[in-house]
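Every number here is computed from the coordinates shown, using simple stated rules; none is lab data. These numbers were taken from a predicted model, which means no experiment stands behind them. Every residue, glycine among them, receives a Cβ derived from its backbone with ideal geometry; neighbour counts consider all protein chains shown.
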Amino acid sequence: MTTPKALAALALAGLTACTPTTTARGPAAPALPPPQEAAPQAQAETPASAMARAHFARVQTQLLSQGLLRTDGGGRDTPYTDRMLAENFIRVALFDEYTRTNNGPVQRMTTSRLRKWAGPVRVGLRFGASVPPDRRATDTARVASFLQRLSRITGHPIGLDDRAPNFTIQIVSEDERRALGPQIRAALPGLSSGEVAAITDMPRSTYCLVYAVSGPDGATYTRAFAVIRAEHPDLLRLSCIHEEIAQGLGLANDSPTARPSIFNDDEEFALLTRQDELMLKMLYSPALRPGMTEAEARPIVESLATRLVGGES
């Protein structure tokens with residue numbers, strides 16, 4: 001199965017004039033969302049959503065039958081060295097898989113600069129009316145747990161915060177996604193109509209996506225917007241949660257040489273692997289600054305990789 005799981009994070013430099021909030025570095029407990037009224041009863045499934053649900057159930061079954069969508073994080077069959085870790089980081093963090101155009105993203109590998117968040121990452125979950133209360137509760141718990149894990153890995157404040165989110169995740173059905181235009185424009189006001197349509201008219205070949213917006217420096221993220229299909233079966237859904245949040249933190253590219261990794265379109269791994277954790281730890285090292293080029297970052301990356309892999313042996 002060669003269908004790409006996700007549209008990699010796009011750095012939309014200069015779309016906002018937001019200044020990242022500067023805080024002391026270090027992990028922070030995720031803020032709990034404010035009390036909410038009881039969720040309404042889920043709306044009846046539409047024909048379009050039912051077709052999408054059946055399609056992605058078949059996709060997950062096919063991938064699992066091929067031994068893909070692994071959840072073990074890698075093992076003896078997926079060894080990697082410090083040199084491999086460094087090269088994988090360079091390809092994933094300092095190259096872009098997609099190029100921005102007025103008509104939406106176009107798959108074209110290009111060199112980039114290192115990008116990440118400076119201020120706290122406050123994640124807000126938004127569910128379409130089609131998502132039932134029990135599914136919302138499960139998704140919320142899984143996202144909160146994953147954000148806590150990411151905060152521990154990176155040493156960066158990352159958590160749920162529905163009061164003032166700067167990283168919005170929309171879990172919506174086929175029909176609900178097509179009506180997301182106003183929310184997309186509010187979250188990412190610099191997008192063209194073609195780029196908005198690339199989200200609302202997302203093809204089935206794209207399982208989920210995230211757009212990350214950088215401030216005036218073109219390298220420090222200030223907001224992000226992700227879309228995950230509500231029709232996904234359990235593992236594909238969780239896989240999208242892992243990949244879109246991690247890519248929205250700054251590991252924006254996919255590489256065929258990255259293994260074990262979710263930053264690879266081969267679908268072998270469904271969930272964040274140990275190597276992915278090390279790449280996130282490297283990304284949020286104070287030694288790597290937003291805006292660095294490959295030439296500037298490489299010696300630091302190689303040193304970090306040697307230290308991290310050596311610490312595991």
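The ARG163 and GLU296 beta-carbon pair, evaluated with R₀ = 30 Å, returns a calculated FRET efficiency of approximately 0.20.
In terms of the Cα gyration tensor, with a ≥ b ≥ c the square roots of its eigenvalues, is region 94-202 rounded because a/c is under 1.5, prolate because a/b exceeds b/c, or oblate? It comes out oblate by the Cα gyration axes.
Placing pseudo-labels 7 Å out from each Cα toward the beta carbon at LEU68 and ASP234 gives an inter-label distance of 2.1 nm.
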